[in-house]
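The values are calculated or read from the model by the stated rules, or taken from the named source; none is laboratory data. Predicted model, so just to flag it, every value in this text is computed and none were measured. In case anyone asks, the SASA skips ligands and DNA or RNA and just uses the protein heavy atoms, side chains included. Shrake-Rupley method; radii C 1.70, N 1.55, O 1.52, S 1.80 Å.
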Amino acid sequence: MQYLLKAMLIAVITVFGVALTIVPAHAQSRTRALANIPFDFSVGNNTLRAGSYTFEQLHSGILALSSSDEKEHQFAMTSPGDSDKQNQESKLVFIRYGSEAFLKRVFLSGDEDCHELPESSREKKLIKNQASGTELSLLIPPAR
């Protein structure tokens, strides 16, 4: 009995130690971009003010946004979208319905994937009332 308990304790400590070494390596592989967005925009059901934002892909499917003044923070679930494997430039794609803009897709340099945001309930209402939106892309210059 004591031998079994000791073996289990060693196994738990080993797994915990391996997990601690994997997490920092994964954290360093995050993809990040800085963008100055000249208009208010929505992510999900939250509206964010115009300004400078950091976009960071945390894990598969989770995008983090934070304003440069640290007043705005937002997490968004994303799904894989159609990506242009040739394009390695960072860019944000917004869809505008009237005066409201919604973040739709995020392309981060060094990351071949397109991160697509789902439609929020507000966006679905606007789509229902207005036949289509106008898509606009914002290229992100490299950070210096």
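Observations on the structure shown:
- Members of the range 113-144 that are hydrophobic (A, V, I, L, M, F, W, C) and either outside any strand (DSSP E or B) or at pLDDT below 80 (or both): LEU117, LEU126, ILE127, ALA131, LEU136, LEU138, LEU139, ILE140, ALA143
- Wholly enclosed strands (runs of 3 or more DSSP E) of the range 28-94 bearing at least 1 residues open to solvent by less than 50 Å² (accessible area, probe 1.4 Å) and modelled with pLDDT under 85: 31-37, 51-59, 79-81
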